[in-house]
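Bear in mind that the values in this text are calculations on the coordinates, not laboratory data. All values reported here derive from a predicted model rather than from experimental measurement. In this analysis, Cβ positions are derived from the backbone assuming ideal geometry, glycine residues included, and neighbour counts consider all displayed protein chains.
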Amino acid sequence: MTRSARAALWAAAASAAAVAGMRPLVVSSGWMVGALGAVCAVAGAGLLVRGLLHRRAVAVVVQAVVLLGVLVVLFGGGTALVGVVPTPATFERLATLATDGVQVIQRYSVPAVDLRGLRLLLVAGAGLVALAVDLFAVTLRRPALAGLPLLAVMAVPLALAPGGYGALAFVAVGIPYLVLLAGGRTAVWRSAPGRSGRPRTVAGVTAGATAAVALVAAVAVPAAVPGLDERPLTIDTGPGDTIAVINPILNLKASLGARSSATIVTYETDEPDPSPLRIVTADVFDGETWAPSTGGDIPRSQRVQDGLTPAPGLSDAVRDSSVVRSTSISIRGLDQTYLPLPYPALRVDIAGEWLYETDSLNVVGDGETTRGRQYAVTHLEVQPTEGELRSASGAPEEVQNRYTELPELPAIVTETAQQVTAGARDPYERAAALQRYFRSSGGFAYSTTAPNDGGTNAVATFLAEKSGFCVQFASAMAVMARSLDIPARVAIGFLPGEETSPGRYRISAQDAHAWPELYFEGVGWTRFEPTPATRTGQSPAYTQPLQPIPSAPAASANAPLPSAAASAPAGSATTSTSATADPAAQAEPTGWDRFLALPWGWVLGALLLVVAALTPRVSSSWVSRRRWAGVGDAAGSAEAAGSAEAAWEELEDRVHDLGLRWPASTTPRRRAATLSEFTEPGSPAADELSRLLAAVEGARFGSGGHVPAGGVMVEQRTASQTGRLVRSHVDVVVEAVAAGRPRWLRWRARLLPMAGVRRALDWWDRD
């Protein structure tokens with residue numbers, strides 16, 4: 001194999017290992033099939049072009065085209081001609097998916113959901129990394145620079161994944177990279193030959209030993225140093241390194257702000273299943289935004305250190321049945337005037353002037369911010385029963401009027417709310433029906449893309465498109481609850497985050513979240529969770545009625561009223577939105593649709609595995625057939641000589657698969673002497689071995705007489721005297737040799753004959 005071919009294979013191995021190290025960033029591993037397939041496609045294209053055309057620059061262009069072809073096949077969605085040739089629609093689709101993927105990165109916490117846009121970025125990124133590594137290591141012959149793209153890939157999980165970059169993954173990338181570096185040191189391979197026949201020097205051995213020691217030390221030393229935990233390859237941002245600000249004013253077109261995965265809040269709690277940390281509640285809705293009400297100045301006497309007033313609407317009976325919990329919170333990278341707290345808080349031990357609002361229990365700093373704060377919270381774990389929620393009496397008039405106020409809404413909003421809750425018998429059932437509609441029965445999907453319209457029709461657009469992020473879900477449920485005369489508001493805060501150890505959690509800006517709170521007299525403000533489980537996990541147990549809710553009319557669960565199209569925002573695509581909003585009305589998928597819907601990433605991966613498994617046997621059979629077919633084209637003595645050479649080559653290939661190898665300079669007689677150790681004197685195998693050796697020596701040299709060759713007595717004859725040899729003569733010798741070899745070698749030779757692969761590599765071996 002040529003040096004460039006070896007470098008290309010090691011470059012592909014390093015790229016594949018680096019890409020595989022990103023597995024912790026995504027919930028599922030389906031994307032890895034396409035990503036590793038892209039790496040193999042890029043590496044294979046480079047090997048093929050350089051081997052055939054000997055043009056390095058052309059290889060780079062072909063690799064880029066092949067990578068584009070992989071993306072078109074996997075993500076083109078039927079827009080490409082014959083499934084491969086991209087069209088303008090193909091590029092438009094890829095651009096749309098790429099935009100979605102960027103938004104997934106910005107808005108999802110790690111591990112992220114394996115959405116199609118993110119999968120496109122991962123597969124494309126894997127192919128580009130393989131292309132860059134191959135470019136530096138093979139095309140430009142600068143293997144040291146190949147470490148730059150590898151390092152860039154490793155830095156992503158290093159910075160974002162909770163466990164950092166694993167030691168095994170680091171070693172898997174480090175070994176092929178070190179081999180690439182060693183291959184670039186041409187001065188090393190000189191002097192006396194080693195066991196492999198390749199010359200090497202003390203300098204080469206020293207360099208290899210140094211690299212091995214350095215690799216082991218990089219993994220082992222950090223784990224042994226006091227103060228470093230079992231995750232030595234983790235970037236940890238200290239206080240103040242990353243500052244996030246969560247906007248308390250929710251625009252229905254905007255997300256909740258910064259989406260960095262760096263830790264901004266850590267906390268420890270004795271609550272078994274922590275609820276979200278609430279920053280602020282927004283209760284004023286103008287059709288476009290939710291904002292906290294301005295109820296005037298907060299008396300300085302309302303200090304959280306002195307204890308907060310009881311939560312609004314919470315009865316003594318429910319409060320007494322609730323469990324008192326304690327949570328210690330440390331702010332590492334959040335700069336906010338509102339204090340993140342579990343709800344409802346009873347007391348906050350914190351330095352500085354922090355005041356609370358009595359009607360919302362929002363805690364705001366009097367000239368203070370959250371940056372760098374550490375504080376302890378005593379709070380209640382309120383778990384109302386279904387009976388308490390069902391039996392709740394009407395809200396006080398002040399609460400009812402204030403928290404059901406709405407601007408003029410499109411008809412689709414109120415009509416859909418009435419349809420969804422048509423079978424409900426009380427406010428609790430109506431609230432549960434709304435939550436179920438958004439989470440499961442309504443056909444909604446969590447997406448990183450907000451509805452197209454961000455104005456006064458945003459809620460209507462969301463109901464039609466059935467796709468959005470938490471702001472849309474929380475806002476739509478709160479608005480629809482208000483339209484049903486259920487007091488509602490929107491809370492802004494953080495999901496519980498990731499549990500790093502029992503009772504300890506970390507929160508990043510990606511955990512920023514919004515959810516609706518509905519008022520039930522006796523229980524107070526109660527969290528519901530309309531955002532699908534892909535983002536939030538299980539909804540609170542009390543929001544799932546044990547008593548079944550009477551079903552609404554069949555059309556109400558998923559389909560808006562006929563007026564939905566008329567109520568949709570101007571300029572929206574009526575056909576597409578109505579199709580999305582009414583799954584029952586969609587046309588039956590065609591055969592082509594079903595074909596396109598197949599999991600082509602897995603199919604391609606399976607095909608690649610099948611091809612990889614069959615390639616050795618198929619290529620070896622092809623080499624053998626061509627070898628013997630060439631013999632039949634000759635005549636007379638030429639045919640005999642050709643059959644001798646073919647038989648000897650066949651014998652060498654097959655015993656090579658059984659683990660018997662010789663340097664290229666070894667004569668046929670020396671090789672026959674080694675093989676004679678596996679044959680009994682006078683046996684058919686010994687006779688055939690003698691005949692094969694005599695034939696090949698006769699074909700090459702020609703002589704007479706009997707000459708001992710180790711344990712083989714050879715009657716030297718010309719090729720024409722030995723007659724034409726066939727494959728069965730070789731089979732007898734190979735079977736005798738195989739009987740004396742380990743079982744695993746026999747199975748490997750039978751299942752994975754490598755003669756064809758060796759011929760392909762030798763074809764490129766031009767050093």
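Could you tell me whether region 250-387 comes out rounded, prolate or oblate from its Cα gyration tensor? Rule is a ≥ b ≥ c as square roots of the eigenvalues, rounded for a/c under 1.5, then prolate if a/b exceeds b/c, otherwise oblate. It is rounded, given that a/c, with a ≥ b ≥ c, falls under 1.5. In this structure, the amide hydrogen of I264, modeled 1.01 Å from its nitrogen in the peptide plane, lies closer than 5 angstrom to those of I507, S508, A509, counting only residues at least 5 positions away or on a different chain. Highest mean packing first, where packing is the average number of other Cβ atoms within 10 Å per residue, the peptides 82-91, 680-689, 470-479 line up as 470-479, 680-689, 82-91.
Each of H729, H656 has some number of other Cβ atoms within 10 Å of its Cβ, and from fewest to most they run H656, H729. About the centre of its Cα atoms, region 250-387 shows a dipole size close to 460 debye [charges on the beta carbon of Lys, Arg (+1) and Asp, Glu (-1) only; nearest 20 debye].
Modelled this way, with points 7 Å down the Cα-to-C-beta line, the labels at L745 and E397 are 9.8 nm from one another. Peptides 460-468, 529-537 ranked from most to least packed by the mean count of surrounding Cβ atoms within 10 Å: 460-468, 529-537.
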